Amino acid sequence: MKTFSIAIDGPAGAGKSTIAKKLANLLQCIYIDTGAMYRSVGYYCLTNGIALEDEQAVSAALAHIEITLKHTSEGQRIFLNGEDVSEKIRTAEGSAAASKVATYGQVRAAMVERQQEMAKSTSIIMDGRDIGTVVLPFATLKIFLTASVEERAMRRFKEYQEKGMSCDLEALKSEISLRDKQDSEREISPLKKADDAIELDTTHMQIDEIVENIKALLEERL
Ligand code: DC
């Protein structure tokens, strides 16, 4: 198969990472979860007393943040200054912190540069909010996943329950709505469908069905 890149964007809980991971296994390529990178920056700020509202301080912190992605058979692991933070970044507080630091221009520029570097010369699936619009504007295939807020909150609810984390469905719904608003209304690289992206509403679709759909679309493109 020729080298390819797939950009998957969409709001929180639309199924991006589950679908991207399955596709990467099927297509034998690297998967990069760019949200984890913004989460790591947010987590660094939370654990080092850096106020998330202080754009200058958050931007200055970038010099002390080294993010490394390792690809294992169980998927991507993310290391922040050598520490595996793959699970620690996945709290409600971590989601809100990621969404906040992701509004800052210097944070985005640093992350985009790393992401573009990683996508060079290898087949890749990347998910996030600005992959089709900014990070990989020439991606072989661009997918924009959506689902109703209710469905997305329910998916997160089940995910947290499976991990034994306490959660409240209504609180998840408002957290997701708030993040949708912040991610799509920010000035720099807001969450938006690229003009040439294919939109898939996953509300009533099965994961395997979507994965097969995307695989067929890629084969058409190649
Ligand atoms: O995909 P996620 O829910 O783990 O992302 C966490 C936050 O990071 C999300 O609310 C917005 C931000 N983000 C972004 O701005 N751009 C990306 N490419 C990925 C994530």
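The values are calculated or read from the model by the stated rules, or taken from the named source; none is laboratory data. Remember, it's a predicted structure, so these values are computed and weren't measured experimentally. Note: ideal-geometry Cβ built from the backbone for every residue, glycine included; neighbour counts use all protein chains shown.
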Residue selected from segment 21-48 under the condition among the polar types (S, T, N, Q) and within 16 Å of the ligand (Cβ to nearest atom), by the criterion farthest from the chain's Cα centre (by Cα): 40
Some residue of segment 118-127 being out of contact with any Phe, Trp or Tyr (no Cβ under 6 Å at 6 or more places or on another chain), part of a helix (DSSP H, G or I) and within 10 Å of the ligand (Cβ to nearest atom): no
Any chance residue 121 is touching a Lys or Arg at 6+ places or on another chain (Cβ under 6 Å) and more than 16 Å from residue 183 (Cα to Cα): no
Residue 216 vs. criteria surrounded by 14 or more Cβ atoms within 10 Å (Cβ to Cβ) and either farther than 16 Å from residue 90 by Cα or within 16 Å of the ligand (Cβ to nearest atom) (or both): no
Test for residue 194: is it surrounded by 14 or more Cβ atoms within 10 Å (Cβ to Cβ), in a loop (DSSP other than H, G, I, E, B) and touching a Lys or Arg at 6+ places or on another chain (Cβ under 9 Å): yes
Residue check, residue 15 within 13 Å of the ligand (Cβ to nearest atom) and at pLDDT below 95: yes
Spans of helices (runs of 4 or more DSSP H) in segment 1-91 with at least 2 residues in contact (Cβ under 8 Å) with a residue 40 or more places away in the chain and farther than 24 Å from residue 214 by Cβ: 34-47, 55-61
Members of segment 198-222 found to be in a helix (DSSP H, G or I) and either on the phi > 0 side of the Ramachandran plot or touching a helix residue (DSSP H, G or I) at 6+ places or on another chain (Cβ under 8 Å) (or both), listed by number: 207, 208, 210, 211, 214, 215, 218
Condition check for residue 66: of a type in the set (Asp, Glu) and either within 16 Å of the ligand (Cβ to nearest atom) or farther than 17 Å from residue 107 by Cα (or both): no
Segment 60-79, subset surrounded by fewer than 17 Cβ atoms within 10 Å (Cβ to Cβ) and small (Gly, Ala, Ser), residue nearest to residue 22 (Cα to Cα): 75
Residue count, segment 92-103 (criterion: free of Cβ contacts under 8 Å to residues at least 60 places away in the same chain and more than 9 Å from the ligand (Cβ to nearest atom)): 1
